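In what follows, a structure is listed as C-alpha cells, so that the remarks can point back to it.
The values are calculated or read from the model by the stated rules, or taken from the named source; none is laboratory data. These figures come from a predicted structure and were not determined experimentally. So basically every Cβ, Gly included, is an ideal-geometry build from the backbone, and we count neighbours across all protein chains shown.
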Ligand code: SF4
Ligand code: SF4
C-alpha cells in the first residue's frame, strides 16, 4: 500500500470467539476512582 | 461506521466495528470522506467529480483501489457487530468486584466531593470487621466460577478504617487456596494518614493504589482541604513520594487529580506532578451539575480539547527522558485490549460490581451509595434485589441511547451510569459533555500511537 498505513488491524470481532470469560478487571470510569475506559484494560485470557 | 480525523497533520481513519485503524495520505483521506458503503470495484463517478479540482482521475483510481481492498478485507465500513448476544450474561452474572466503603468518614473536606464530605449523606460510620467479613463471604458465594476477585477499599477515607482493611485482607487471603480464588486489592486514599506502617502494608498487599492529588499547590489547596480548612499539599506530598519511591515497579499506582473549571490548564498540574517525581498520572474532569466555580460546561470544551493536545505534546517531549510518564486515559491498547463482549458491557456496576456500606447495604457502585431507590440489598438481612440488578445487567452499548451510533463506543464501553444519573437524571442517557471529552481522549490516544509509529 502506498496511500495507507495500518496502525491496528481488525481484531475486534475475532476477540468474541474466545471472549466473554469475565476474568478481566472491572473498569469504572468515574472521576473518583481507578477510573478508566474499557480500552485500557488488560485481557486476562491471553496465553 | 467510519470516523476520520486529522490530528497535528496525521490523517487517521478509524473503522469502529472492526477495530482497524489506518493512517492515510491526503487524497485517500479526502476520498474516504465522500464514500458511503457498499463499495464496488470501480470508484463511483461522483467521487471523481468531487475531487476533480484537487486530484487527477488516475490518482483517485489508485487511492480508491487501496480503500476498496480494505473494504473487502473487512477493515473499512465493516458491518456492525451483532452478537453473540447469548454470551453477554444479561442476568444472573457472577459478582466479581466489590467496592468496600470501609469508612464513611473523611479527614478532608474537598469542594467537589460527590460523597457529601465522606458520609454519602448516610451518617459518619466505620465498617466493622463483621460487615467486611460478610461482604467477602458474599462475593465468594456470588462469584461462581470466576477466579479473579477485586476488592477496592474506598471511603470516605479508607485509612481511617485501616484495622478493618488489614483484617479483611487476611480473611480473604484465607480463602484463596481453599476456593481457588485470586484476590486483588486496591485502595484509593487522600494520603493524609499515610505513615510508615500502612505505606509498607499497602506496598505489600495492594496491587494498585490511587493517591489523590490535584497538582499545583494552589490548585490542590483551594479544593482539597482539611476539616479545619487548611490546604493539604504540604502534608500529603512527602508521604506520597515515600510510598511511590518504595513501591515495587511491578505493582500499579496512580497519582490522580481532578480538574474543574478552575484549572482547565491542567497540563501545569501534570508538570507539577512530574517535578515532584511522580510518573503514573491521571487527571480527570470533575462530574458536577449546575453552576458554581467547579462544574465544567460546553463553554470550556475548546479550551479542554486544546489542553489535551498540549498534553500529547508534553507526553511525547518527555519520552526517553528521566521524566517519561504515563497518562492513564491515553493508555489505550488498540490491539490487545479486552474482548468485544467486555467492551459492550462496560463497567458492570450493579451486576458484576457492587459497593457495600459500613451498614452492610449493597449498592450498584460507590457512586450510587445513598440513593435509596438504587439500594440492591443488605448483608445482614440477606437480601438482594435480583430484578434491580438485572436492569443494570441489561445496560450495554446497544441499549444505551446514542452509544450504538458513537464511533468511540468500543473504546469507551458506554460511559458511567452514575454520571448519567447525576447529570441527566437517567442512568442510560449518556452525559454528553463527558462523551465529548472521552472521544477527544480516544483521538489523542490513537494519535499518540500513530505518531510513535511514524517516528
Ligand atoms: S456507574 Fe460509573 S461510577 Fe459506577 S462503576 Fe460504572 S463507571 Fe464507575
Ligand atoms: S462516548 Fe458516550 S455515546 Fe460514546 S460510547 Fe461512550 S457513553 Fe456512549
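Taking the criterion of being closer than 22 Å to residue B:188 by Cβ and assigned to a loop (DSSP other than H, G, I, E, B), would at least one residue in segment B:392-412 satisfy it?
The answer is no, given that none of the residues of segment B:392-412 is closer than 22 Å to residue B:188 by Cβ and assigned to a loop (DSSP other than H, G, I, E, B).
If I go through segment B:217-256 residue by residue, how many of them are surrounded by fewer than 19 Cβ atoms within 10 Å (Cβ to Cβ), modelled with pLDDT of 95 or more and farther than 18 Å from residue B:109 by Cα?
7
All but one of (1) under 25 Å from residue B:81 (Cα atoms); (2) away from chain A (no Cβ under 14 Å); (3) within 14 Å of ligand 1 (Cβ to nearest atom) hold for residue B:432; which doesn't?
The single condition residue B:432 does not satisfy is (3).
Condition (residue is within 22 Å of residue B:137 (Cβ to Cβ) and in a loop (DSSP other than H, G, I, E, B)) applied to segment B:336-350: is it met by at least one residue?
Among the residues of segment B:336-350, at least one is within 22 Å of residue B:137 (Cβ to Cβ) and in a loop (DSSP other than H, G, I, E, B), which makes the answer yes.
Residues of segment B:377-415 being more than 15 Å from ligand 1 (Cβ to nearest atom), in contact with a strand residue (DSSP E or B) (Cβ under 7 Å, 6 or more places away or on another chain) and either at pLDDT below 90 or within 14 Å of another protein chain (Cβ to nearest Cβ) (or both), which ones?
Within segment B:377-415, just B:407 meets the criteria.
For segment B:1-35, give me each residue that is more than 9 Å from chain A (Cβ to nearest Cβ), more than 25 Å from the chain's Cα centre (by Cα) and either part of a strand (DSSP E or B) or under 16 Å from residue B:81 (Cα atoms) (or both).
B:10, B:11
Could you list all residues from segment B:436-451 that are near ligand 2 (Cβ under 10 Å from one of its atoms) and within 11 Å of chain A (Cβ to nearest Cβ)?
Those that are near ligand 2 (Cβ under 10 Å from one of its atoms) and within 11 Å of chain A (Cβ to nearest Cβ): B:437, B:438, B:439, B:441, B:442.
Criterion first (within 16 Å of ligand 2 (Cβ to nearest atom), over 25 Å from residue B:369 (Cα atoms), within 14 Å of another protein chain (Cβ to nearest Cβ) and under 19 Å from the mean Cα position of the chain (by Cα)) does residue B:285 satisfy it?
For residue B:285, the condition - within 16 Å of ligand 2 (Cβ to nearest atom), over 25 Å from residue B:369 (Cα atoms), within 14 Å of another protein chain (Cβ to nearest Cβ) and under 19 Å from the mean Cα position of the chain (by Cα) - is not met.
Would you point out the residue of segment B:113-133, among those that are within 14 Å of another protein chain (Cβ to nearest Cβ) and crowded, with 19+ Cβ neighbours inside 10 Å, that is nearest to residue B:163 (Cα to Cα)?
Filtering segment B:113-133 for residues that are within 14 Å of another protein chain (Cβ to nearest Cβ) and crowded, with 19+ Cβ neighbours inside 10 Å, the one nearest to residue B:163 (Cα to Cα) comes out as B:118.
Do you know which of the residues in chain A that are at pLDDT 75 or above and within 16 Å of ligand 2 (Cβ to nearest atom) is nearest to residue B:32 (Cα to Cα)?
A:12
Yes/no matrix, rows are residues, columns are (1) surrounded by fewer than 11 Cβ atoms within 10 Å (Cβ to Cβ); (2) more than 13 Å from chain A (Cβ to nearest Cβ); (3) in contact (Cβ under 8 Å) with a residue 40 or more places away in the chain; (4) in contact with a strand residue (DSSP E or B) (Cβ under 8 Å, 6 or more places away or on another chain):
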| site | (1), (2), (3), (4) |
| --- | --- |
| B:37 | no, yes, yes, no |
| B:41 | yes, yes, no, no |
| B:51 | no, yes, no, no |
| B:54 | no, yes, no, no |
| B:61 | no, no, no, no |
| B:66 | no, no, no, yes |
| B:81 | no, no, yes, no |
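Residue check: is residue B:418 in contact with a strand residue (DSSP E or B) (Cβ under 9 Å, 6 or more places away or on another chain) and within 15 Å of ligand 1 (Cβ to nearest atom)?
So residue B:418 fits the description; yes.
Do we find that residue B:374 is within 11 Å of ligand 1 (Cβ to nearest atom), surrounded by 17 or more Cβ atoms within 10 Å (Cβ to Cβ) and away from chain A (no Cβ under 14 Å) in this structure?
yes
Within segment B:317-328, how many residues turn out to be touching a helix residue (DSSP H, G or I) at 6+ places or on another chain (Cβ under 8 Å), outside any loop (DSSP other than H, G, I, E, B) and more than 7 Å from chain A (Cβ to nearest Cβ)?
Summing the residues that are touching a helix residue (DSSP H, G or I) at 6+ places or on another chain (Cβ under 8 Å), outside any loop (DSSP other than H, G, I, E, B) and more than 7 Å from chain A (Cβ to nearest Cβ) in segment B:317-328 gives 2.
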